[in-house]
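> Before anything else, here's the structure in question.
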Amino acid sequence: MVLILAYAAVLLSFASGLLALLVNRRAGLLRLGHAAFRRWPAGRRCWTSADAWLEESRYAALLKTTVFRLLGAAGTAAVLAGLTVLLSQTSVVTDRIGLGLPWLPWHVRFDGLSGFFYLIIGIAVGAVSLYGPGYVAAYQEEKHPFAVLGLFTGLFVAGMLLVLLADDAFFFMIAWELMSVASYFLVAFQHEHPANRRAAFLYLLMAEVGALAIILGFGVLAAFTDGFTFDALRQAQLSSNWATLAFVLALLGFGMKAGIVPIHVWLPEAHPVAPSHISALMSGVMLKVAVYGLIRFCFDLLGDVHWQWGVVLLVLGTFSALGGILYAMMQPNLKRLLAYSSVENIGIIFMVLGLAVIFMANGFPQLAALGLLAALFHAFNHALFKNLLFLGAGILQHQVHDLNIDTMGGLIQRLPKTSFLFLIGCMSISSLPLFNGFVSEWLAFQTALQVDALENGVLRSLIPVSAAALALTAALAAACFVKVFGMIFLGLPRSRNAEKAQEVDDHGMLLALKLLAGLCFFIGIFPAFIIDLLNQVARQLLGQALPNDTALSWLRLAPVSHQQASYAPLLVLISVLLASGAAFWYLRRNPETKTMRRAPAWDCGFGGLNARMQYSCSAFTMPFRRIFAKVWLIDEQIDKDLHGAGDIEVAAIHYRLQVQDHSWPRLYLPIAHGINQLARLVGRIQTGNIRVYLGYSFATLILMLWVVSL
C-alpha cells in the first residue's frame, strides 16, 4: 500500500507536467478553427473572434487549474505515503522496476528516512498547488508559456521524489539529473533577462560539477564491492583513507546542491529569478533533498563514521550559518535575502549533523540520535517557514510589482491578511518561542550542551564556540527579519505602487499561506508529533532513539532528561494568554487607560512625516556593517552636488552602497581566469594547417603503439 502511494505521487507529478503541454496545443487548435470559420459565408458563421478568444481563455484556465490540482494530488499522496511508512511497523519496503540497464534494473527502497522527506515534499507541493493558479495568471502566454512552466515543474517534483526512492547508484543519479535539469529550465523561465540566463547557467554548471562529485563518491564505494545497488555498497569494506575520500566527494556534491559556504554562490543568483512558487520549492524542498543524500551516504552507506568528518561538518555549518545571515542582512532584494537565509539554515542543519557524527564516532549513539533528530526537525521546519516566506514574497511582487524592500512600506494597512501571515513566517524563522523554528534550534543547543560527555579536549573547546556562533546567528536572524517586516509592512509607503497596493483577490494564494502558517504554529505548540516520527528514522539509521522518560511527552519536551532541560510550549502559550488577558483586564479597569487616544506620530518639528524620513535597508544595517565590516567587500560612496559661491552649498547627495560576497573574487574569479588561460594555451593547438594536424595524428599513433608494446 505504501509503495502504491509513493508511486502515485511520482506518476501524478509526471501527469501534471504532460497535461501542461496541452495548454498551448489546444489553444492553437482553437485559433485554426476560428480561421476556418472566418471563411464561411456571413450568414452561416457561428463562431466569432470573441467566442474563440473566450473559449480559448476558459480552456487554458481550466487546464492550468487541473495541472495544479494534479500537483496537489501528488503532494497529498506523498504526505500519505510518508506518514504511512513512519507510523507503520514495517519500516522498509523494497521493489524493482524493469527500467535502467539490462543487468541493473532500478531498485526502489522506501524507508523511514525516505518517508520523512516525502512528507516534507508533499506539504510544500500541496501549498504550491493552491498558490499556483492565481500566481501564474499574471504571466503573458506569448512571452512565458505555461506549457514550459507546468512541464518542468512536474518533472522537477517527480525528480525529487524519485531521488528518495532510489536504491541503487544508477537510479539515484538518473533521478538527481532529472531534478537538476528540470529546475534549470525553471530558473531560466524568464530568459529574456540576461541576469536570469547567467544565473541559470551558473546553477547548471555547479549542479553538474556536484553531480560528478557524487558519481565519484559512489564509484569509490563500488570499487570495493561487486555492484551498484545500495545493499552492495553497504557491504563495501573501506580503509579509513578511502572512506574519507568518499565522504569528501559526497560532501562536495551534496553540499554544492544544498548551498553550503563557500560553494553557495549559485543559490542567491538562481532563487530570486525563478517564479516565486518555484523558488519556494527550490529553497524549501530541493535543498533538503541534498541533505537527504548526505545523510543517506554517510549514515547508511558508509556506516562507520569518523569524528573528523563531524568536525568538518561542524566548521562548514558554522561558517555557513553565520555568513549566510550576515549576507542576508545586507540584501535589499527580498528574494535574494531569503536565498541567503537558506544558506544560514542549511548551515544550522550541517552543524547539528556534525555533532551527530562526532557523538556517534565517540560511542554516544543516544546523543547522536538527538543531533540527527534536531537536524531533521530543522529541515522540516525550514521547509515550512521558508515556503511561507517565498510564497508571501510572490504575493508582494504580484501586488507591488517590485522586490526591492526600499520601495515598499506601509503594506500592513493595504495587505492586512498577507502581513499577518508573513509575520508568522518571520517569527518562525527568527526562532521565537511558540513557533516551530524555536523548537528545532533549542534541540540543536541541547545537543551542543552535551559536550561534557566527550573526552577529547579539542572537541570540548570547539563545540562551545560553535554553539556561541549559533546563538549569534539566531540573534542576527531576528534582527534581519525585524528589518524585513518593518521595512515592508510598517511606516509609510515609499513608492506609488506600494501606496496603491491591495490585498490579493485569489483565495488559493492566501489559503496556501494560511496552511503553512498554521503548521508553523501547530508544530511549535505540539512538536512531539514530529519528534515521534523522527524517532523512527533515528532508530533505523543509528539503532538508537531518544528516551521517553516522562508520561507527558506530548506536553513537555525533554530530549535528554527532564532533570536537565525541558520545554513545555503549550504551558508557555497558556501563560502568555493568561498574562495578556490579565494585562488587558487591568488596563480596561484603570480609568486612565480605559479609553485609547489616537494621535499623529511626532514629527520632531519638521512639519509632517514623509517616506524619506524613514530608515532604509542600508541605514538599518549600518551598525552591523560597521561591526562585521571584514565579512563583506564593501564599496560605499557618497557624492555631493555643490553649487553657490565657492561650491559650499549642498544641492543634492547621492549615496551608493555595494556589498559583495568574498567567494567571488577570492575563489571563483581565480578559477575562471585559470580556465581561460588554460583554454588559450590549448587553443594554440588549432593552427588551421593540415600538415600540423597530420603530425599530431602521427605522434599520437606512435605513442599508442609504444604504450601497447610495453
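> Can you tell which of Leu178, Leu164 is part of a helix (DSSP H, G or I), crowded, with 22+ Cβ neighbours inside 10 Å and among the aliphatic types (A, V, I, L, M)?
Leu164
> Out of the residues in the range 229-286 that are among the charged types (D, E, K, R) and under 19 Å from Tyr668 (Cα atoms), state the one that is surrounded by the fewest Cβ atoms within 10 Å (Cβ to Cβ).
Per the criteria, the residue is Glu269.
> From the residues in the range 219-228 that are over 14 Å from Arg109 (Cβ atoms) and within 33 Å of the chain's Cα centre (by Cα), which one is surrounded by the fewest Cβ atoms within 10 Å (Cβ to Cβ)?
Out of the qualifying residues, it is Gly219.
> Step by step: first the residues of the range 585-602, then only those that are among the aliphatic types (A, V, I, L, M) and outside any helix (DSSP H, G or I), then the one that is farthest from Leu492 (Cα to Cα). Which residue is that?
Met596
> A further question follows. Return the residues of the range 1-17 that are hydrophobic (A, V, I, L, M, F, W, C) and modelled with pLDDT of 90 or more; say none if nothing qualifies.
At the first step, the residues of the range 1-17 found to be hydrophobic (A, V, I, L, M, F, W, C) are 1-6, 8-12, 14-15.
Matches in the range 1-17: Ile4, Leu5, Ala6, Ala8, Ala9, Val10, Leu11, Leu12, Phe14, Ala15.
> Starting from the range 564-575, take each residue that is farther than 13 Å from Phe521 by Cα and list its partners that are part of a helix (DSSP H, G or I), counting only C-beta distances under 8 angstrom and pairs at least six apart or across chains.
Partner pairs satisfying both residue conditions: Ala565/Gln446; Ala565/Leu449; Tyr567/Val439; Tyr567/Trp442.
> Something else now. For the range 407-435, how many residues meet the condition of being surrounded by fewer than 19 Cβ atoms within 10 Å (Cβ to Cβ) and part of a helix (DSSP H, G or I)? Please lay out each step first, then the result.
Within the range 407-435, the first condition is being surrounded by fewer than 19 Cβ atoms within 10 Å (Cβ to Cβ), and the residues that meet it are 412-414, 416-417, 420, 423, 432-434.
Filter once more, so that each one left must be part of a helix (DSSP H, G or I): 416-417, 420, 423.
Qualifying residue count for the region: 4.
> Could you say which residue among Leu667, Leu657, Leu703, Leu633 is on the phi < 0 side of the Ramachandran plot, of a type in the set (A, V, I, L, M, F, W, C) and modelled with pLDDT of 85 or more?
Leu703
> Here is a follow-up. What residue, of Ile653, Ile634, is in a strand (DSSP E or B) and closer than 30 Å to Ile263 by Cβ?
Numbers: Ile653 fails: closer than 30 Å to Ile263 by Cβ.
Only one candidate qualifies: Ile634.
> A follow-up question, please. For the range 563-584: of the residues being surrounded by 14 or more Cβ atoms within 10 Å (Cβ to Cβ) and assigned to a loop (DSSP other than H, G, I, E, B), which is modelled with the highest pLDDT?
Ala568
> How many of the residues in the range 229-273 are assigned to a loop (DSSP other than H, G, I, E, B) and among the hydrophobic types (A, V, I, L, M, F, W, C)?
7
> Looking at Phe489, is it at negative phi and at pLDDT 90 or above?
For Phe489, the condition - at negative phi and at pLDDT 90 or above - is met.
Here's the yes/no breakdown for (1) in contact with a His (Cβ under 6 Å, 6 or more places away or on another chain); (2) surrounded by 23 or more Cβ atoms within 10 Å (Cβ to Cβ):
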| site | (1), (2) |
| --- | --- |
| Asp300 | no, no |
| Gln308 | no, no |
| Val311 | no, no |
| Leu314 | no, yes |
| Gly323 | no, yes |
| Tyr340 | no, yes |
| Val343 | yes, yes |
| Gly347 | no, yes |
| Val352 | no, yes |
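> Residue pairs, Cβ under 7 Å, 6 or more apart or interchain, first in the range 623-635 and over 11 Å from Met329 (Cβ atoms), second surrounded by 14 or more Cβ atoms within 10 Å (Cβ to Cβ) and of a type in the set (A, V, I, L, M, F, W, C). List them.
Here the result reads Ile634/Val659, each pair linking the range 623-635 to a residue that is surrounded by 14 or more Cβ atoms within 10 Å (Cβ to Cβ) and of a type in the set (A, V, I, L, M, F, W, C).
> May I ask you to verify whether Leu80 is in a helix (DSSP H, G or I), touching a residue at least 60 places away in the same chain (Cβ under 8 Å) and surrounded by 22 or more Cβ atoms within 10 Å (Cβ to Cβ)?
Here the answer is no, as Leu80 does not meet what is asked.
> Turning to a different aspect of this structure: Where the second residue is assigned to a loop (DSSP other than H, G, I, E, B) and β-branched (Val, Ile, Thr) and the first is closer than 27 Å to Thr94 by Cβ and at pLDDT below 95 and lies in the range 225-254, which pairs have Cβ atoms under 8 Å and are six or more apart or on separate chains?
Ala232/Thr225; Leu233/Thr225; Gln235/Thr225; Ala236/Thr225
> Select the helices (runs of 4 or more DSSP H) contained entirely in the range 449-551, then report the ones holding at least 1 residues which are more than 27 Å from Tyr567 (Cα to Cα).
Values: elements: 457-489, 496-500, 507-525, 528-542.
Here the list reads 457-489, 496-500, 507-525.
> Does Ala538 qualify as being among the small types (Gly, Ala, Ser), buried (at least 23 other Cβ atoms within 10 Å of the Cβ) and under 20 Å from Phe420 (Cβ atoms)?
no
Every residue, every condition in (1) under 22 Å from Leu388 (Cβ atoms); (2) more than 23 Å from the chain's Cα centre (by Cα); (3) at pLDDT 90 or above, yes or no:
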| site | (1), (2), (3) |
| --- | --- |
| Thr66 | no, yes, no |
| Gly72 | yes, no, yes |
| Val79 | yes, no, yes |
| Thr84 | no, yes, yes |
| Thr90 | no, yes, no |
| Gly115 | no, no, yes |
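> In the range 607-622, which residue that is free of Cβ contacts under 8 Å to residues at least 40 places away in the same chain and assigned to a loop (DSSP other than H, G, I, E, B) is nearest to Gly323 (Cα to Cα)?
Gly608
The values are calculated or read from the model by the stated rules, or taken from the named source; none is laboratory data. Everything numeric here is computed off the predicted structure, so don't read it as measured data. Glycine gets a Cβ as well: all are built from the backbone with ideal geometry, and neighbour counts include every protein chain shown.
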